[in-house]
Amino acid sequence: MERYPKLFLLAAIGYLLAGVLMGLHLSHSSGNPYITRFVHVHLNLLGFMAMFIYGVAYHILPRFNAKPIKHPGLVRAQFYLVNAGLIGMVSTALAGGLTEAGLVHVLFILSAVTEATGIVIFAYNIVPVLAMEQPAPIAAPTPAPTPAPTPAPAPAVEETPAVTGDMKVSTTLDKYPGLLDEFVRSGFKALANPAARATFAKIITISQACKVHRVNAEEFLGNLNSALKEGKATAAPQPAAAPAQPEPTAEQKAEETMAKGTKITRGELAEAETLVGSLIEVYPESKTVFEKHYGSGCFSCPGQAFETVSQTAMMHGIEAKIILDEINEIIKSTQS
């Protein structure tokens with residue numbers, strides 16, 4: 001992060017703490033509540049909130065819009081103006097500049113003007129970053145006289161560069177990971193952080209990144225393509241295609257599904273994950289329960305071979321416990 005956006009954020013945290021202290025003082029103070037409240041509000045509004053917005057806006061917006069701030073020197077001027085203005089307003093207000101005439105009141109007004117000047121500078125600096133660029137109008141071509149046909153020499157075939165300005169940064173690095181050193185060496189130091197390559201690099205092209213970092217795009221692209229030609233960076237190897245797997249048969253799918261349930265043996269009680277087919281095979285008496293709740297058509301359904309009791313109950317809108325209680329009563333009666 002650049003120096004002054006970071007200073008804005010640090011100042012914001014300082015004003016937040018000062019605003020909290022002033023708020024505590026306000027709750028116990030016996031002085032003029034109007035002055036104390038004015039100081040408390042402005043420390044939080046123009047101190048914490050505004051300073052935080054300035055810092056985040058200067059750091060994020062030029063990157064998201066790929067448009068650099070045209071007057072970076074004004075960022076420094078604004079930082080000192082808004083801080084001097086706010087501190088001046090707060091201190092002169094505490095000294096009586098809000099309610100009393102005289103020199104202190106004049107200093108309060110000058111501090112307010114200083115603060116307003118800094119705010120105007122911010123608007124002047126950030127609005128062009130947000131403004132949409134209008135495409136230049138395309139003039140209608142004027143018809144030219146048709147010259148007599150003359151044999152033209154075959155045009156020289158220009159080699160298409162491997163890396164172009166409209167390529168996304170992340171796409172370029174994924175394809176040519178060896179170019180990362182060239183990016184970092186040319187001023188894109190943030191790309192050394194994998195988090196930056198996974199976020200900003202995915203939404204910004206090389207040309208846009210060059211604008212933001214004030215790098216000569218034509219020269220930088222030339223360096224990238226030269227590195228590729230000289231073999232300093234090669235394309236990432238493509239993973240070998242996995243061999244095609246044969247489509248499983250219906251029997252295999254059924255067996256895979258059956259593996260999710262459990263079979264039952266004689267002497268055991270039925271559970272929610274017991275396979276219906278196994279249950280009917282071991283305890284044919286349980287068919288009456290299924291027939292009662294599901295209907296006789298269920299026994300012609302191949303699904304009973306690999307569906308559990310809980311699955312069938314859910315499909316028929318019945319609580320599995322009801323089915324299990326009746327089945328286990330039958331199982332217990334056969335064991336007595």
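How charged is the neighbourhood of D174? Take every other residue with its Cβ under 13 Å from the Cβ of D174, and add Lys/Arg as +1 and Asp/Glu as -1.
Its environment carries a net charge of +4.
Between T274 and residues 5 or more places away or on another chain, which pairs have amide H atoms under 5 Å apart, with H built 1.01 Å from N, and which residues are they?
T262, V309, S310
Counting every Cα pair in the range 3-130, what percent are over 16 Å apart?
Everything past 16 Å amounts to 63 percent.
What's the center-to-center distance, using Cα atoms, between the range 165-190 and the range 10-52 in Å?
46 Å
For I204, what residues show an amide H to amide H distance below 5 Å, using hydrogens built from the backbone and excluding near sequence neighbours?
Sorted by chain and number, the residues that satisfy this are V169, S170.
In this model, which of K6/K70; K263/K332; K70/K229; K67/K229 are farther than 24 Å apart at the alpha-carbon?
Over 24 Å Cα-Cα: K70/K229; K67/K229.
A short reminder: the numbers here are calculations on the coordinates, not readings from a lab. Just so it is clear, the model here is predicted, and its values are computed rather than measured. A quick note on method: Cβ atoms are made from the backbone with ideal geometry, for glycine too, and the neighbour counts reach across all protein chains shown.
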